[in-house]
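Accompanying notes for the structure given below.
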Amino acid sequence: MTDDLNDLPPLRDVLQKHGLFAKKSLGQHFLLDLNLTDKIARLAAPHPAVLEVGPGPGGLTRSLLLAGAEQVFAVEKDERFLAPLQDIIDASDGRLMVNNTDALRVDAAELTDIRPLRICANLPYNVGTKLLINWLTAKPVFWDRMVLMLQKEVAMRVVAEPGSKAYGRLAVLAGSIAHGHISFDIPASAFTPPPKVDSAVIVLDILPEDLRFKDLKTLAQVTAAAFGQRRKMLRKSLKQLANTRDISLGDWLEKAEINPTDRPETVDIKGFHRLAEILAQQH
Ligand code: SAM
């Protein structure tokens, strides 16, 4: 089985054989160097089941299967890639399942009953942040690790510390249920065609259940309001949310031990948890 996967043609030949070119509208930047995709895949596999968004010509997909992903559930929006992916299905004895659909419209948790899933993807830039937020806020949690290639700037926002310029909504949501780190950087030149910016591979490991913040939905609302106007003091940026929920802004901030004149980047993750908890208790 492994031999068959190793016998597949180089990815450049696959693109040429099927007349495939990158579509900008779908954020297509391919990794054709299988040494690099192997390095990424080894962060996610071996594992019983891996979800991959945007397999494209299938470099990372092959690497995941070779690294010991027993089954790979792939979601690819562009039907042009179904033919090359079929070759991988055949070479892997059917360990690859491909869904030709938009990852934003599919409930990833419903692709398989196997738990926990690993998520591994070279994410399309235009939908990467949205998908990440969907997976972070999904209930119940269905994954134990995400290995994601993101724009470097987005990756740094995911792992940012309070007080830093990159600290914001993504860092608070991610840090509330997972421990994240940047594993390594990938220069733009490694992709075909090269994007305008460098990328990085981040690893997010789910925290033990008792350490996870549970109400991600309210937390997402609070962080959206606070960081939506990040230059403003919290007494301004959270005013509308307090009004919509019909609660006193002053009481809310006081109970959460948050200084009304603070700006959001100075509030640590626990501070946002208190804000979310108290807001949720009002109803
Ligand atoms: N995994 C391949 C690689 O590493 O070479 C391709 C990565 S490329 C950055 C992003 C892939 O995501 C493309 O194959 C693109 O067609 C696919 N894609 C873009 N938007 C998508 C969406 N909304 N749902 C599913 N796949 C999508």
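For the range 92-133, enumerate the residues that are among the small types (Gly, Ala, Ser), under 15 Å from LEU60 (Cβ atoms) and out of contact with any strand residue (DSSP E or B) (no Cβ under 7 Å at 6 or more places or on another chain).
So the first thing to find is which residues in the range 92-133 are among the small types (Gly, Ala, Ser), and the list is 92, 94, 103, 108-109, 121, 128.
So of that shortlist, the ones also under 15 Å from LEU60 (Cβ atoms) come out as 92, 103, 121, 128.
Selection gives SER92 alone.
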Filter result (at pLDDT 95 or above and part of a loop (DSSP other than H, G, I, E, B)) within the range 262-283:
ASP262, ARG263, VAL267, ASP268
Qualifying positions in the range 27-69 - near the ligand (Cβ under 8 Å from one of its atoms), in a helix (DSSP H, G or I) and within 20 Å of PRO187 (Cα to Cα)
THR37, GLY59, LEU60
Test set (1) closer than 26 Å to ILE133 by Cα; (2) more than 13 Å from the ligand (Cβ to nearest atom) - LEU8 fails condition number
(1)
With criteria (1) open to solvent by 50 Å² or more (accessible area, probe 1.4 Å); (2) within 16 Å of the ligand (Cβ to nearest atom); (3) over 23 Å from SER189 (Cα atoms), GLU153 comes up short on (3)
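Evaluate the following for ALA171: is it over 16 Å from SER199 (Cα atoms), away from the ligand (no atom under 16 Å from the Cβ) and not assigned by TED's automatic domain parsing to the domain that holds GLU265? Give the steps one after another, and end with the answer.
Working: over 16 Å from SER199 (Cα atoms): yes; away from the ligand (no atom under 16 Å from the Cβ): yes; not assigned by TED's automatic domain parsing to the domain that holds GLU265: yes.
So ALA171 passes the test.
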Limited to the range 230-248, what total is found for residues that are hydroxyl-bearing (Ser, Thr, Tyr), loosely packed, with under 14 Cβ neighbours inside 10 Å and outside any loop (DSSP other than H, G, I, E, B)?
1
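Regarding the range 129-150, can at least one residue be identified that is assigned by TED's automatic domain parsing to the domain that holds SER189, charged (D, E, K, R), within 23 Å of LEU32 (Cα to Cα) and surrounded by 17 or more Cβ atoms within 10 Å (Cβ to Cβ)? Spell out the reasoning first.
Pass one, the range 129-150, residues assigned by TED's automatic domain parsing to the domain that holds SER189: 129-150.
With the extra rule that they be charged (D, E, K, R), the set shrinks to 130, 139, 144-145.
Going one step further and asking which of them are within 23 Å of LEU32 (Cα to Cα), we end up with none.
Among the residues of the range 129-150, not one is assigned by TED's automatic domain parsing to the domain that holds SER189, charged (D, E, K, R), within 23 Å of LEU32 (Cα to Cα) and surrounded by 17 or more Cβ atoms within 10 Å (Cβ to Cβ), which makes the answer no.
Quick one: which residue in VAL159, VAL98 is within 12 Å of the ligand (Cβ to nearest atom), of a type outside the set (Asp, Glu) and surrounded by 14 or more Cβ atoms within 10 Å (Cβ to Cβ)? Break it down stepwise before answering.
Values: VAL159 fails: within 12 Å of the ligand (Cβ to nearest atom).
Of the residues listed, the single one that is within 12 Å of the ligand (Cβ to nearest atom), of a type outside the set (Asp, Glu) and surrounded by 14 or more Cβ atoms within 10 Å (Cβ to Cβ) is VAL98.
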Quick check on the range 74-92. Is at least one of its residues outside any helix (DSSP H, G or I), more than 10 Å from the ligand (Cβ to nearest atom) and surrounded by fewer than 20 Cβ atoms within 10 Å (Cβ to Cβ)?
no
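The values are calculated or read from the model by the stated rules, or taken from the named source; none is laboratory data. It should be emphasised that the depicted structure is a prediction, and the values quoted were computed from it without experimental measurement. Glycine gets a Cβ as well: all are built from the backbone with ideal geometry, and neighbour counts include every protein chain shown. Quick note on the areas: whole protein, heavy atoms, side chains included, nothing else; ligands and nucleic acids left out. Shrake-Rupley method; radii C 1.70, N 1.55, O 1.52, S 1.80 Å.
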